[in-house]
Structures are given as C-alpha cells and as structure tokens.
Amino acid sequence: SDFDTTLSTPGLQVRLTQNSTPFHQTNRLDLRLEAAHDVLRASNQAGRERARVGAALRETLKLFSDRLQLSAGLRMDWTDGFAAQWLPSVGLVLEPRPWIRARVHFGRAYRAPNFDELFHPEEGFIRGNPALEAEDAWNFDVGGELVFEKAGPFSNLTLAGCWFRREIDESIVFVLIN
C-alpha cells in the first residue's frame with residue numbers, strides 16, 4: 001500500500017572568518033556553527049524528531065610567500081540520541097612553483113544514521129534498523145595539481161589527481177531481508 005511520508009530539516013549555519021598577518025605570514029581562522037532539526041512524519045508510523053548541532057574551528061597558516069600552507073581543525077558533532085563526537089583534522093599544501101601543488105590531509109569523520117536508515121518501513125525485502133550505530137571513520141588523502149596558463153588552445157588548464165582512503169567502523173549499509 002501507499003504511505004505518505006514527509007522529511008524536513010530546517011537549519012541554520014553561521015560562518016566567521018578572520019584573516020591576519022602576524023610576522024608577515026598569512027593566517028586564517030575559520031569558525032562554523034550549525035544547528036538543524038530533523039522531522040519525520042509518516043502515515044504508517046509514529047512521527048520522529050531530533051536535533052543536530054555542530055561547531056568547527058580551523059586554523060590555516062601560509063608560510064614562505066604562501067608556498068607552504070598548514071592547517072589544523074577540530075569539529076564537534078552532536079545528534080540527538082548519539083554521543084557528541086570530536087573530529088580532528090590536519091592538512092598540508094606545498095606549492096614549490098606557481099604551476100605545481102601537492103597536498104595531504106588526514107582527519108576523522110562521523111555520520112549518524114539518517115531517519116530512512118533507522119526507520120524505513122518494512123517492505124518485504126528492506127527495512128530500517130533503529131539500533132544502528134553511527135559510522136566512525138579515519139580519512140587520508142594525498143594529491144597533486146599541475147596548472148598551465150596556456151596549453152594549446154586552452155587557458156588555465158588544471159590537471160589534478162588524488163588518492164583517497166577511508167577506514168570505516170560501523171559502516172551503514174542496506175542489507176536485503178527475506
């Protein structure tokens with residue numbers, strides 16, 4: 001049978017950035033605050049609501065005429081029904097010449113299950129799982145870019161490559177049921 005389901009998420013995000021130049025080096029401080037409220041209404045199950053809050057602080061320092069960029073950040077995520085999580089990250093960008101850039105980044109990620117993953121109604125072969133744990137992961141990526149002002153008929157051509165790895169605990173996947 002048909003069910004009527006509505007999922008809505010009103011939210012608010014605030015971003016603040018402060019730039020400074022201590023000791024003739026470029027410094028950038030970013031602060032981000034987020035709040036959201038998930039609401040699920042369905043004709044075949046009880047309504048559900050939950051709050052989500054996040055805050056992130058990232059510091060970026062550019063050194064040696066902006067040829068080296070160091071960044072470090074810390075994010076806090078909280079979703080109603082799950083414990084607050086602290087998510088650190090660090091990154092480095094090296095630009096030895098204006099046309100070549102190498103970068104590396106390492107950080108922790110977290111994702112609480114969405115309402116569909118938790119409460120999807122049973123359809124014979126699939127259903128939600130209210131006992132799901134949040135995903136927890138460590139991310140690592142390394143990459144590079146080559147930038148050409150002029151390449152044949154093209155201008156500002158960028159060739160970029162990246163290798164990405166994520167180690168996930170408690171990965172959320174849909175499993176067919178019988």
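Any idea which of Glu167, Glu123, Glu133 is of a type outside the set (Lys, Arg), part of a loop (DSSP other than H, G, I, E, B), in contact (Cβ under 8 Å) with a residue 24 or more places away in the chain and open to solvent by 60 Å² or more (accessible area, probe 1.4 Å)?
Glu133
Pick out, from the range 2-83, the strands (runs of 3 or more DSSP E) lying fully within it that include 2 or more residues that are open to solvent by less than 80 Å² (accessible area, probe 1.4 Å) and touching a strand residue (DSSP E or B) at 6+ places or on another chain (Cβ under 8 Å).
Where strands (runs of 3 or more DSSP E) fall fully within the range 2-83 and carry at least 2 residues being open to solvent by less than 80 Å² (accessible area, probe 1.4 Å) and touching a strand residue (DSSP E or B) at 6+ places or on another chain (Cβ under 8 Å), they are 11-20, 26-42, 45-63, 68-79.
Looking at Arg48, Arg41, Arg52, can you tell me which residue is under 18 Å from the mean Cα position of the chain (by Cα), basic (Lys, Arg) and under 30 Å from Ile172 (Cα atoms)?
Selected residue: Arg52, the only one of Arg48, Arg41, Arg52 that is under 18 Å from the mean Cα position of the chain (by Cα), basic (Lys, Arg) and under 30 Å from Ile172 (Cα atoms).
If you check every pair at least six apart or on different chains, which have Cβ atoms under 9 Å apart with a residue in the range 1-24 that is more than 28 Å from Gln45 (Cβ to Cβ) first and a residue that is open to solvent by 90 Å² or more (accessible area, probe 1.4 Å) and part of a strand (DSSP E or B) second?
Here the result reads Thr17/Arg28; Gln18/Arg28; Asn19/Arg28; Ser20/Arg28, each pair linking the range 1-24 to a residue that is open to solvent by 90 Å² or more (accessible area, probe 1.4 Å) and part of a strand (DSSP E or B).
The values are calculated or read from the model by the stated rules, or taken from the named source; none is laboratory data. Because the structure is a prediction, the values reported are computed rather than measured. With ideal geometry, Cβ positions are generated from the backbone for all residues, glycine too; neighbour counts draw on all protein chains shown. The protein model used for the area step is the full one, side chains on, heavy atoms only, and it has no ligands, DNA or RNA in it. Shrake-Rupley method; radii C 1.70, N 1.55, O 1.52, S 1.80 Å.
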